[in-house]
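The values are calculated or read from the model by the stated rules, or taken from the named source; none is laboratory data. If you're wondering where the values come from, they're calculated on a predicted model, not measured in any experiment. Note: ideal-geometry Cβ built from the backbone for every residue, glycine included; neighbour counts use all protein chains shown. Calculation scope for accessible area: heavy atoms of the full protein, side chains included, ligands and nucleic acids excluded. Shrake-Rupley method; radii C 1.70, N 1.55, O 1.52, S 1.80 Å.
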Amino acid sequence: MLKNVKCAKCVKCGKEYEATPTTTTCECGGILDIVYDYDYIKAHFTKDDLEHCPDRSMWRYRPLLPVEPDSAPTPLRVGWSPLYKADNLAKVLGLKALYIKDDGQNPTASLKDRASAMAVVKAREAKAPIIACSSTGNAASSLAGNAAAAGIPTYIFVPSRAPKGKVAQLRIFGATVISVDGSYEDTFELSKAAIQRWGWYDRNAAINPYLSEGKKTVTLEIMEQLHWQVPDFIALSVGDGCTIAGAWKGLKDLYAAGFIDKLPRLISVQAEGCCPLNRAIQTNTPWEPMEENTLADSIAVGVPRNADKALNAIRESNGITVNVSDDEILAAMRLLGRTQGVFGEPAGVTGTAGVKKALELGLLDPDSTVVSVVTGNGLKDAANGIKAAGEPMLVKPTMEALLDAFEENDIHP
Ligand SMILES: *Cc1c(COP(=O)(O)O)cnc(C)c1O
Ligand SMILES: [Zn+2]
């Protein structure tokens, strides 16, 4: 029994379930949210505990996480990624204060490691021999890596469009990889049928209620790294919606447990070519599926699995929604790289592209303090990095050729 958890509650109908390691969805089809006992947490967890905690990983927040006290942490170091004060970029954007949380520095190079580490711990608690998931890429590579380190085999379904770097990670981590010739929606449905057929442990977003609990550690960290000074906004890229829902959950947990005295607003950023959640907020209508028309593969999600939780999070936080074009995403890749030395994959920098656009549209007061989360590393998708920044000049190995090339490229050392 988890002492800090009361139950798992359906976000649609409110029905409550005992939170067991294999708890999935409500009988009504709704997704479950883990409900905590904040009185218990307040009595057992303080800022002072954190100050003296030597654990530099997401597991330093264990009292706020749904794991058994004696569950071993995962072998790879997940979490405690750097939070940079991004003064160069803030200046270019004309923003009072900007912080970049570089979650590309996780062991498999994306924020998804936080959810996959949680899935591995829960699968071990469930004594499950095998874990499976479908993914646009990063959930897959993070599950494969974290499970490999824990000695658990994985079955992983990815759409065939997944970038090579991510597929290489899967193969290197020894996953059984099924590349599906179809959309992410098709991939998800096939994985669901296979999981039912073989009874694997399910690490699919929105079916497994523990994943957003893992992802929430990103905002727990941001707040601790800011010494509990609450920023005005936190910007995130949104696909399935599990990340933004988890980020919001972490903030609400800290508020309920008395660690912070107010809540920031969320900036939900999607790609123009695939923005079903933002469109629902902007038109104030129920969300509807969209085509997956963006090069930001990690957020090319036409049928978002965590729609209910994500829409609640954006609305509750009085959030801002911004949609950005693929060109704006590529421009943000260059801008982050050149001003801050941070290389994000397309979906990784989409949040930052959204901050820029929100300022341009007048949706965001330049006098704000903003945290932008970079959710994945650019080396995962080198092809789009080159697309963003172009090929370098090619020269013969002589000084003469070098001088010519400098002349041609208007470079004056
Ligand atoms: C998965 C992912 C996202 C979006 O998270 P969702 O939970 O699908 O909304 C954003 N960026 C990257 C790099 C991701 O891998
Ligand atoms: Zn229900």
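If we count every other residue with Cβ under 14 angstrom of Thr285's Cβ, Lys/Arg +1 and Asp/Glu -1, where does the sum land? Before the final figure, lay out each step's value.
On the way: positive: Arg279, Arg315; negative: Glu288.
Net local charge, Thr285 excluded: +1.
At 1.4 Å probe size, with every protein chain present, just tell me what the per residue accessible area of the stretch 244-387 comes to in Å². Write out the running numbers ahead of the final one.
Values: 5110 Å² over 144 residues.
Heavy-atom accessible area per residue stands at 35 Å².
With the radius of gyration and the Kirkwood radius both derived from the Cα set of the stretch 79-209, what is their ratio Rg to Rh?
Values: Rg = 16.7 Å, Rh = 15.6 Å.
Ratio value, two decimals: 1.07.
With a 1.4 Å probe and all protein chains left in place, how much of the accessible area of the chain comes from carbon and sulfur atoms, in whole percent?
Numbers: 8810 of 17140 Å².
That fraction is 51 percent.
List the residues whose amide H sits under 5 Å from the amide H of Val180, counting only those 5 or more places along or on another chain, with H placed 1.01 Å from N in the peptide plane.
Val158, Ser160
Per residue, how big is the convex hull of the stretch 63-142 when only Cα atoms are used? Give it in Å³.
Spread over its residues, the Cα hull of the stretch 63-142 gives 124 Å³ apiece.
Rounded to the nearest whole Å², what accessible area per residue is found for the stretch 116-156 with the 1.4 Å probe? Could the numbers behind the result be given before it?
Numbers: 880 Å² over 41 residues.
Value for the stretch 116-156: 22 Å² per residue.
Can you classify the stretch 133-213 as rounded, prolate or oblate using the Cα gyration tensor, where a ≥ b ≥ c are the square roots of its eigenvalues, rounded means a/c under 1.5, and otherwise it's prolate if a/b beats b/c and oblate if not? Present the calculation step by step, with values, prior to reporting the outcome.
Values: a/c = 1.41, a/b = 1.02, b/c = 1.38.
Rounded shape, in that the Cα axes give a/c under 1.5.
May I ask you to give the average projected area over all directions of the convex hull of the Cα atoms of the stretch 357-413, in nm² rounded to one decimal?
Details: hull surface 29.9 nm².
Computed as one quarter of the Cα hull surface, the answer is 7.5 nm².
Working from the alpha-carbon coordinates of the stretch 14-72, get Rg over Rh, Rh being the Kirkwood radius. Display every interim value, and only then the final one.
Numbers: Rg = 14.4 Å, Rh = 13.7 Å.
Checking Rg against Rh, the ratio lands at 1.05.
Give the relative contact order (percent, whole number) for the stretch 242-349; include only Cα pairs under 8 Å separated by 6+ residues.
Details: 151 pairs, mean separation 33.5, N = 108.
Dividing the mean separation by the residue count of the stretch 242-349 yields 31 percent.
Just to be sure I understand: of the beta bridges DSSP finds with both ends in the chain, what percent are antiparallel, rounded to 5? Don't jump to the answer; show the numbers that get you there.
On the way: 13 of 44 bridges.
In the chain, approximately 30 percent of DSSP beta bridges are antiparallel ones.
Can you give me the Rg/Rh ratio for the stretch 271-369, using Cα atoms for both radii and the Kirkwood formula for Rh? Numbers along the way, then the final one.
Values: Rg = 13.7 Å, Rh = 14.2 Å.
We get a ratio of 0.97 for the stretch 271-369.
By the gyration tensor of its Cα atoms, with a ≥ b ≥ c the square roots of the eigenvalues, what is the shape of the stretch 130-176: rounded for a/c under 1.5, prolate for a/b over b/c, or oblate?
Values: a/c = 2.17, a/b = 1.57, b/c = 1.38.
Prolate is the answer for the stretch 130-176, as a/c is 1.5 or above and a/b outweighs b/c.
Taking a quarter of the surface of the convex hull around the Cα atoms of the stretch 172-247, what do you get in nm²? Mind showing how you got there, number by number?
Numbers: hull surface 28.3 nm².
Approximately 7.1 nm², given one-decimal rounding.
For the stretch 23-73, what does the accessible surface come to per residue with a 1.4 Å probe? Please give it in Å².
About 51 Å² of surface per residue is accessible.
How much mean residue ellipticity at 222 nm does the chain get from its helices, if each DSSP H run of length 4 or more adds -39500 (n - 2.57) and you divide by all residues, to the nearest 500 deg cm²/dmol? Mind dumping the intermediate values first?
Details: 16 runs with 165 residues, N = 413.
Theoretical 222 nm ellipticity from helices: -12000 deg cm²/dmol.
Largest first and in whole Å, give the semi-axes of the stretch 305-354's equivalent ellipsoid, each being the square root of 5 times a Cα gyration tensor eigenvalue.
Working: eigenvalues 131, 22, 20 Å².
Working through the eigenvalues yields semi-axes of 26, 11, 10 Å.
For the stretch 95-158, what's the radius of gyration and Dmax over Cα atoms, in angstrom?
13.8, 50
From the alpha carbon gyration tensor of the stretch 1-103, can you work out the equivalent ellipsoid semi-axes (sqrt of 5 times each eigenvalue) and give them in Å, largest to smallest? Mind showing how you got there, number by number?
Working: eigenvalues 211, 87, 39 Å².
In descending order the semi-axes read 32, 21, 14 Å.
Can you list residues whose amide H is under 5 Å from Tyr99's amide H, if they're 5+ apart or on another chain and H is modeled 1.01 Å from N?
Ala86, Val370, Val371, Ser372
Under 8 Å for C-alpha pairs, at least 6 residues apart: give me the relative contact order for the stretch 176-251, rounded to a whole percent.
Details: 50 pairs, mean separation 24.9, N = 76.
So the answer I get is 33 percent.
What per residue convex hull volume, in Å³, comes out for the stretch 274-316 when only alpha-carbon positions are used?
Taking only Cα atoms, the stretch 274-316 has a hull volume of 68 Å³ per residue.
Beta carbons within 10 angstrom, averaged per residue: use that to sort the peptides 171-183, 75-87, highest first.
Numbers: 171-183: 15.5, 75-87: 18.8.
The most tightly packed comes first, giving 75-87, 171-183.
Computed over the Cα atoms, what is the radius of gyration of the chain divided by 2.2 N^0.38 Å, N being its residue count? Each step should come with its number before you reach the end.
On the way: Rg = 21.1 Å, N = 413, 2.2 N^0.38 = 21.7 Å.
Computed over Cα atoms of the chain, the ratio equals 0.97.
Specify whether the C-alpha gyration tensor of the stretch 198-297 places it in the rounded, prolate or oblate class, a ≥ b ≥ c being the square roots of the eigenvalues: rounded for a/c under 1.5, otherwise prolate if a/b is larger than b/c and oblate if not.
Numbers: a/c = 2.22, a/b = 1.34, b/c = 1.65.
Since a/c reaches 1.5 but b/c is at least a/b, the shape of the stretch 198-297 is classed as oblate.
Given an 8 Å cut-off on Cα distances and at least 6 residues of separation, report the relative contact order of the chain as a percent.
Values: 872 pairs, mean separation 68.3, N = 413.
Once normalised by length, the contact order is 17 percent.
Of Leu335, Ala347, Leu364, which is farthest on the positive side of the dipole of the stretch 319-404, counting Cα position, with +1 on Lys and Arg Cβ, -1 on Asp and Glu Cβ, and the Cα centre as origin?
Ranked along the dipole, the leading option is Ala347.
For the chain, find the longest principal axis of its Cα atoms and tell me its angle to the long axis of helix 242-256, 0 to 90°, nearest 10.
Once rounded, one gets 60 degrees.
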